[in-house]
Amino acid sequence: MKKNQIIDILKSGQVGAEITVKGWVRTRRGSKNVSFIALNDGSTINNLQVVADAENFAEEILKHINTGAAIAATGKLVESAGSGQSVELQAEKIEIIGKADPDKYPIQPKRHTLEFLRDVAHLRPRTATYSAIFRIRHKLIFAIHNFFNERGFYNIHTPIVTSSDAEGAGEMFRVTTLPMNDLPKTEDGEIDYSEDFFGKSTNLTVSGQLEGELFAMAMSRIYTFGPTFRAENSNTSRHLAEFWMIEPEVAFFDLNDNMDLAEEFLQYLIRYALDNCIDDLQFLSKRLQEEEKNKPADQRSMELIEKLKFVADNEFVRLTYTEAIDILKNSKQNKKGKFQYPIEGFGTDLQSEHERYLVEKKFQKPVILTDYPKEIKAFYMRMNDDNQTVAAMDVLFPQIGEIIGGSQREERLEVLESRMAEMNIPADEMQWYLDTRRFGGCQHAGFGLGFERLVQFVTGMGNIRDVIPFPRTPKNCEF
RNA sequence: UCCCUAGUAGCUCAGUUGGUUAGAGCGGCGGACUGUUAAUCCGUAGGUCGUAGGUUCAAGUCCUACCUGGGGAGCCA
């Protein structure tokens, strides 16, 4: 394949070479005699400067070289006479491939708000910020598969349409081909799902974990990486109705192994981004710093790249829920009544203000909280010997909050069955799951990483809707 | 879903205790300029003030409802 993308041209720097470049015009500036075209093809954050001497080009060509237009420029790569770039293309021929009416094209050569660009999400990848984000997103996807592949994990595609609705991970989207205006009913007036496509009630998956466990109990180390759907009416900067989740599941792992894996994984991914996306990260960092200029000094956050290095290089804090409650209870914040939800003692769920205190104030680094009270966690988490807590773990990041949630799983059949009974999980529909405990059951553990939350952290973006190409949120499903 | 907040030109915003013809910057367009880097300078067009009601002699401004965005909370990844 020809290496004629701008990233290759800028890298090779072959001054004197005759080349043709295709891309989209970011801006055009200049005088009567010469036009400077900033050309970008999305392969890199950097533009190629195309120089067009007016005498060589018809007015009819030049006037269509507006922001957003697709063009092909042919000419010689020369050392730049200007100071912003080392090389530039001295154009001999320019072809207008696709015009962009400057009166109607919504993206202008000026700073736009992220909110406005969200309204034109189909065109926002044409901007420097979004193309940087999506290049980083790609690199992280690649790094995830790399990480697991290097460590003997197998990628398993767990189902997207599922008949299991007992996972308890949130409201589900129904999947059906039944006519909405004329639903078939059973004799007692219920909807008759036997007439539905699958002959039963089906939904979009809220987690691949339970199915993932089946494969971990056969192939030892597996991970899933797929779309996940939650029909929660969540309106926050860190929730989506459709998002991507990575869920490793490992046989013969306990909670400590699980924490080690989570920490190594996150640090690997952040390091990978630093090593492979530095141009884009520098651009995003600069952007963030300009945005923060308006904030008072004490509210500014750590510079992006510095922050990423810090997290990649420093051990996470590990703390039990009980220890965390103790710290919070004795904190000045709590004693002065500064928490909106004061800490009473064991058993209360931690609010995000408490998590933020631990991560952003007390330790100023990622924190892994473990061994939560059984009442506030899922049925499949392994009961600890104290009979009060379960072997759960949440990895908390600054700004993002919970980036990973996981646990050692309950492998003891009787204990699991009694937990399911306590929490009203219908065991008869879950016999396939219980079979892994019945036959060759063993210790195992795993976790779920919210991919977009990771991308948020790495790019420094405040709103999760800006790190997924087509965000799906309550009342919003464009395209 | 709850609390707070906003919606005025293509974009970002200003618009005083309700008062006559609704403003600016950027962007667009036209022109000037011997190489620009968010180019610069001169000129110009562009508005159902989110929607629907209401109060008033008079509403961009006040009230009510709804819609949409943003911030926070809950649910969670």
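The values are calculated or read from the model by the stated rules, or taken from the named source; none is laboratory data. Here the structure is a predicted model, which is why all the values come from computation and not from measurement. Reconstructed Cβ throughout: ideal geometry from the backbone, glycine too, with neighbour counts over all protein chains shown. Calculation scope for accessible area: heavy atoms of the full protein, side chains included, ligands and nucleic acids excluded. Shrake-Rupley method; radii C 1.70, N 1.55, O 1.52, S 1.80 Å.
Note on the range A:198-232: residues that are at pLDDT 95 or above, surrounded by fewer than 20 Cβ atoms within 10 Å (Cβ to Cβ) and hydroxyl-bearing (Ser, Thr, Tyr) amount to 1. Specify the residue that is farthest from the chain's Cα centre (by Cα); the eligible residues are those in the range A:308-324 that are open to solvent by less than 10 Å² (accessible area, probe 1.4 Å) and among the aliphatic types (A, V, I, L, M). Once the filter is applied, the top-ranked residue is A:ALA324. Inspection of the range A:101-111 finds no residue satisfying the criterion of being within 30 Å of A:ARG271 (Cα to Cα), within 13 Å of RNA strand B (Cβ to nearest atom), in a loop (DSSP other than H, G, I, E, B) and hydroxyl-bearing (Ser, Thr, Tyr). Against the test of being open to solvent by 90 Å² or more (accessible area, probe 1.4 Å) and touching a residue at least 12 places away in the same chain (Cβ under 8 Å), the options A:GLU115, A:GLU95, A:GLU88 yield a single qualifying residue, A:GLU95. Number of residues in the range A:423-447 that are touching a residue at least 40 places away in the same chain (Cβ under 8 Å) and either part of a loop (DSSP other than H, G, I, E, B) or open to solvent by 10 Å² or more (accessible area, probe 1.4 Å) (or both): the value is 10.
Among residues of the range A:332-343 that are among the hydrophobic types (A, V, I, L, M, F, W, C), those with a beta-carbon under 7 Å from a residue that is open to solvent by 60 Å² or more (accessible area, probe 1.4 Å) and part of a helix (DSSP H, G or I) at least six positions away or on a different chain give the pairs A:ILE343/A:LYS329.
Of the residues that make up the range A:151-160, is at least one free of Cβ contacts under 8 Å to residues at least 12 places away in the same chain and either more than 15 Å from RNA strand B (Cβ to nearest atom) or not assigned by the TED database to the domain that holds A:ALA73 (or both)? The answer is no, given that none of the residues of the range A:151-160 is free of Cβ contacts under 8 Å to residues at least 12 places away in the same chain and either more than 15 Å from RNA strand B (Cβ to nearest atom) or not assigned by the TED database to the domain that holds A:ALA73 (or both).
A:PHE147 passes every criterion in (1) farther than 30 Å from A:ALA218 by Cα; (2) more than 14 Å from RNA strand B (Cβ to nearest atom); (3) of a type in the set (Phe, Trp, Tyr) apart from (1). Only one entry of A:SER220, A:SER164 meets the criterion of being in the same structural domain as A:LEU454 (by the TED database), touching an Asp or Glu at 6+ places or on another chain (Cβ under 9 Å), within 30 Å of A:ASP254 (Cα to Cα) and not β-branched (Val, Ile, Thr), and that entry is A:SER164.
Within the range A:198-239, the set of residues being aliphatic (A, V, I, L, M), within 16 Å of RNA strand B (Cβ to nearest atom) and touching a helix residue (DSSP H, G or I) at 6+ places or on another chain (Cβ under 7 Å) comprises A:LEU210 only.
Among the residues making up the range A:348-373, those that are surrounded by fewer than 20 Cβ atoms within 10 Å (Cβ to Cβ) and more than 13 Å from RNA strand B (Cβ to nearest atom) are A:LYS361, A:LYS362, A:PHE363, A:GLN364, A:LYS365.
A single entry from A:PHE470, A:PHE457, A:PHE479 fulfils the requirement of being open to solvent by less than 10 Å² (accessible area, probe 1.4 Å), aromatic (Phe, Trp, Tyr), more than 26 Å from A:SER163 (Cα to Cα) and not in a strand (DSSP E or B): A:PHE457.
Within the range A:118-148, the residues that satisfy the criterion of being among the hydroxyl-bearing types (Ser, Thr, Tyr) and either open to solvent by less than 10 Å² (accessible area, probe 1.4 Å) or not in a loop (DSSP other than H, G, I, E, B) (or both) are A:THR129, A:TYR130, A:SER131. Looking at the range A:233-248, can you tell me whether even one residue there is among the small types (Gly, Ala, Ser), surrounded by fewer than 17 Cβ atoms within 10 Å (Cβ to Cβ), within 25 Å of A:LYS365 (Cβ to Cβ) and in contact (Cβ under 8 Å) with a residue 40 or more places away in the chain? The answer is yes, given that some residue of the range A:233-248 is among the small types (Gly, Ala, Ser), surrounded by fewer than 17 Cβ atoms within 10 Å (Cβ to Cβ), within 25 Å of A:LYS365 (Cβ to Cβ) and in contact (Cβ under 8 Å) with a residue 40 or more places away in the chain.
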